[in-house]
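FYI, it's all coordinate maths here, none of it is from the lab. Please read these numbers as outputs of a predicted model, since none were measured by experiment. Cβ sites come from the backbone with ideal geometry, for glycine too, and all protein chains shown count toward neighbours.
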Amino acid sequence: MPRSLRDEEFSVFVRARRVELLRSACLLAAGDTHRAEDLVQTALARLYVAWPRVRRSGTQAAYAWRIIVNAHLDEVRQPRWRREHYVPEPPDRPGAAAPGAASADALPDGIDGDQIRAALAALPPRMRAAIVLRHWMDLSVEETASLLRCSEGTVKSQTAKALARLRELLADGAGMTAGGAGMTTERSHR
Amino acid sequence: MNDVKDLLERALTDGHGPDPAQGAEPAADLARGRGLLRRRRLMGLAGLAGGAAAVAAVAVPLSVGGGSGHGARLGAHQVTAGIALVAYRGSQPAGYQVSEVPNGWVIQGGNAYALVLAPQGDKNTDINVFVGKLVVMLQSRDATGPGPGTSQPVAGQPGRFQVQGDTEILTYKDQKGAWVVIQAPTKLGWSAGRLAQFAAGVQVLHNAQQGRG
């Protein structure tokens, strides 16, 4: 295809989707914006190369996402990622809320961004990916399984475990009960 | 209502994620994409990435009957039938093994990602440069299925054969169910069947790994 047409279409895609891709990548990277930017840059460069093929099937976003997820899972398997601690020290947690202070639906104000990022960082990479794909991007179990290259049953179990672990990590500061007040469970999703 | 999405939204605060209303300028991504495409083409990978036109521009066709090297030694019969396959008994790098090689060709090198064969004495000894070489690799993890082309089974397993510029590409499923890609220069003079014959002697070892892109 002519380079000018590829450039034009690719530019339209970047303008429309880059921020959304970066926000999701930030969650995959547990708030590490530099790493998220690396993931997105890598994905978009590869998407540009594959553009003539991918545009025919209209799966540009899915293609970019597959690269981001693969790169995320690959990078965290590298020794340098295992050695690196890109999460700051866990912040001090506020004391438990008084009984009845938090409604069943409300997420207590005590949980801030740092706590959530620290909790996300504490999740194994595949669990974090499962929760981002299912609960942030609203992908179906089938779509998530395809991206993570695993079975649908594995997606369900990884998502459920991830939610349970998040609950556990945030429970002290959030006043959330083991019943998961305010956190949607797998059963209520597609 | 507070749910997991709200929780995740909160993780993007304090400068840990871009503002959703923020715009994106494509110039830098365009430049990176063009750079990667140029490098892929120079390395002869464009055929696998879907843009093989540049391969034709950089690959040097074999000049049969003239020049130097292996091509100059070919007889008329070999030109029409292609370079013959001969049994290989030399050392094999990690990742892949072959039972036959084109006559006059050697295993130039390899790793978990690719096995590279080239004419004996080939000046380009960089195993990361595939132009004009015979390459065996597992299909990229970013690819799905065997892609376009005509049906060409390998040892009873499904496969697809296509020619892109000066490069023949055979993508087939091996006995263990993995998709394998063999890229061969048309200067070998091989038909799809001959390429499949070579493929039938390829063994993908447990330490072989899929590439990207």
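For peptide B:27-38, how many partner chain Cβ atoms fall within 10 Å of a residue's Cβ, on average?
Shielding by partners across B:27-38 averages 6.
Under 5 Å between amide hydrogens, which residues at least 5 positions from B:Val154 or on another chain qualify, with H placed 1.01 Å from N in the peptide plane?
B:Gly159
Just the Kirkwood number for segment B:84-188, please: inverse of mean 1/r across all distinct Cα pairs, in Å, one decimal.
After inverting the pairwise mean of 1/r, the radius is 14.2 Å.
Residue by residue through B:145-157, how many Cβ atoms from other chains fall within 10 Å of the Cβ on average?
For this peptide, the per-residue mean of nearby foreign Cβ atoms is 0.
Could you pull out the pairs from A:Lys156/B:Lys176; B:Lys133/B:Lys187; B:Lys123/B:Lys187 whose alpha carbons sit more than 20 Å apart here?
Violating the 20 Å limit, Cα to Cα: A:Lys156/B:Lys176.
In peptide B:15-23, how many Cβ atoms from other protein chains are near each Cβ within 10 Å, on average?
That average works out to 6.
Arranged from highest to lowest average of other beta-carbon atoms within 10 Å per residue, in what order do the peptides B:23-33, B:120-130 appear?
B:23-33, B:120-130
Collect residues whose amide H, placed 1.01 Å from N in the peptide plane, falls under 5 Å from the amide H of B:Val106; neighbours closer than 5 in sequence don't count.
B:Ala118, B:Gln120
Which whole-Hz ³J(HN,Hα) couplings does segment B:157-172 yield from phi under the Karplus relation 6.51 cos²θ - 1.76 cosθ + 1.60, θ = phi - 60°, glycine and proline marked x?
Each residue of segment B:157-172 in turn: 9, x, x, 10, 10, 8, 10, 10, x, 8, 10, 9, 10, 10, 10, 9 Hz.
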